[in-house]
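Take a look at the structure below.
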Amino acid sequence: MISFSANFDPTIGLISILAIVIMAVGLLLKKLKQPYIIGYILIGAILGKYGLGYIADTIIIDRLGEIGIILLLFFVGMEISLPEIIKQWKVAAIGTFLQVATSVLILLGIGYFFNWSIERSIIIGFVIALSSSAVIIKILSDNNLINSRIGKNVLSILLMQDIIIVPLLIITSAIAGKEESTENIITMVVGGLIIVSVLIYIYSKKTIQLPFSKTIENDHELQVFLAILFCFGGALVSSVFGLSAALGAFVGGMVMHASQAAHWIHDTLDSFRVLFVAIFFISIGLQLDFNFIYEHVYALSAVILSVYITNHLINTIILRLFSCPWKEAFLGGALLAQIGELSFLISASAYSLHIIESYGYKFTISLISLTLIISPFWITLTERLIALKRIKKN
């Protein structure tokens, strides 16, 4: 940790350093026309305990990062129409199932080559099957693709992956020989039914009236707290029932969309979203161990290559089968090719249950972080290949 004078609060110093470094790296990435996400992860890696050691205690940053994901999914919920997403249920269900099944089979093959246990291979297969909502949604939003056909298809798959995290965690517990209690399973089922009921209500009503919406129409302060209530209230209800807090926030955002209140909420909370999402990606970078990556570069490279080729190929085929032209399907495959932040939950659960030891845990953390860093470059490369093919045709 940085040594500060007794007159200065270390937290203030840390925030100042982060702001300075983010500005410097952000300006460089802006010039290179690369997304800021890469910079946030690298900043965390450089300042973390495996880098310069400026940030030793990561608990607070991890908590703030969780808030970032909740806000991000809340904003996404406000930007999409539930009826349009429901139209994509086939691509979401089939695409997610095939991605999980294929990922596990491929990792069993790689695990055999590297002499991994079957349990470790299955867990890493689960890990690589989930794409990053945070990265993809940010890229879709930056490129105004949220409401496009490819954007809706990709979002439907991401939503299904958010839902499937629950059975994957249950399977992870079963692999460890720890059965989920009947009480926990019932609780999660009840939570799922509540969310489904809310979605059915939104779908049937099309437009809903928020409580006190007319009273606070021009009251900026109360608007802030009403938005926070629906965002974090939804997250709280979802987490109480053992589901993803981000999924609850996503549903809360859908309620805002149906109430046609998204315009003033966006203006009210957008700055908070930018700040906390940045902290989330910094928290990912903090977990990167450069020495571990160097020592296991071949195994990591083999799995990363498998991840990108497999996820890209599977999702391209699925999107093509469900009415997307080849160019859109190929881009959609690239968007879904990386590993997502929810995979950290599977990795952490497997580690706590002793399915994977320190090596397996560090391997999955490195794998997830590296694919997040590589993802924008992979997407950019895909876009250039599509553009090049278009130029050759003309």
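The values are calculated or read from the model by the stated rules, or taken from the named source; none is laboratory data. If you're wondering where the values come from, they're calculated on a predicted model, not measured in any experiment. Quick reminder, even Gly has a Cβ in these numbers, built from the backbone with ideal geometry, and neighbours come from all protein chains shown.
Looking at the range 376-394, is at least one residue of a type in the set (G, A, S), surrounded by fewer than 21 Cβ atoms within 10 Å (Cβ to Cβ) and either assigned to a helix (DSSP H, G or I) or touching a residue at least 60 places away in the same chain (Cβ under 8 Å) (or both)? Within the range 376-394, one or more residues are of a type in the set (G, A, S), surrounded by fewer than 21 Cβ atoms within 10 Å (Cβ to Cβ) and either assigned to a helix (DSSP H, G or I) or touching a residue at least 60 places away in the same chain (Cβ under 8 Å) (or both). Of all residues in the range 43-56, those that are without any contact (Cβ under 8 Å) to a residue 60 or more places away in the chain and surrounded by fewer than 18 Cβ atoms within 10 Å (Cβ to Cβ) have Cβ atoms under 7 Å from Cβ atoms of residues that are part of a helix (DSSP H, G or I) and not basic (K, R), 6 or more apart or on another chain, in L52/I46; Y54/I17; Y54/L47. Scanning the range 355-369 finds one or more residues that are of a type in the set (F, W, Y) and either over 20 Å from the mean Cα position of the chain (by Cα) or within 29 Å of W89 (Cα to Cα) (or both). Scanning the range 332-354 for residues that are farther than 14 Å from G125 by Cα and over 18 Å from the mean Cα position of the chain (by Cα) yields Y351, S352, L353, H354. Restricting the range 1-39 to residues that are among the basic types (K, R) and modelled with pLDDT of 75 or more leaves a set whose member that is nearest to T371 (Cα to Cα) is K30. Going by what's in this entry, would S103 be described as assigned to a helix (DSSP H, G or I), touching a Gly at 6+ places or on another chain (Cβ under 8 Å) and among the polar types (S, T, N, Q)? Considered against the rule, which asks whether it is assigned to a helix (DSSP H, G or I), touching a Gly at 6+ places or on another chain (Cβ under 8 Å) and among the polar types (S, T, N, Q), S103 comes out as yes.
When E341, E295 are checked against the criterion of being surrounded by fewer than 20 Cβ atoms within 10 Å (Cβ to Cβ) and either of a type in the set (D, E) or modelled with pLDDT of 85 or more (or both), E295 stands alone in meeting it. Looking across the range 345-364, just one residue is β-branched (V, I, T) and under 11 Å from L300 (Cβ atoms), and that is T364. Here L158 passes the criteria (1) surrounded by fewer than 22 Cβ atoms within 10 Å (Cβ to Cβ); (2) part of a helix (DSSP H, G or I) except the one numbered (1).
Regarding the range 318-334, can at least one residue be identified that is closer than 20 Å to I110 by Cα, out of contact with any Gly (no Cβ under 7 Å at 6 or more places or on another chain) and modelled with pLDDT of 85 or more? No. When the range 119-131 is filtered for residues that are part of a helix (DSSP H, G or I) and in contact with a Gly (Cβ under 7 Å, 6 or more places away or on another chain), the ones remaining, listed by number, are R120, S121.
Sub-6 Å Cβ pairs linking a first residue in the range 136-152 that is farther than 19 Å from P325 by Cβ to a second residue that is of a type in the set (V, I, T), at least 6 apart or interchain, are I137/V76, ordered by first then second residue. Scanning the range 309-330 for residues that are of a type in the set (A, V, I, L, M) and in contact with a helix residue (DSSP H, G or I) (Cβ under 6 Å, 6 or more places away or on another chain), we see that the one that is surrounded by the most Cβ atoms within 10 Å (Cβ to Cβ) is L319.
Here G233 passes the criteria (1) modelled with pLDDT of 75 or more; (2) surrounded by fewer than 16 Cβ atoms within 10 Å (Cβ to Cβ); (3) in contact with a Pro (Cβ under 9 Å, 6 or more places away or on another chain) except the one numbered (3). Among the conditions (1) at pLDDT 75 or above; (2) assigned to a helix (DSSP H, G or I); (3) not β-branched (V, I, T), A134 misses just one, which is (1).
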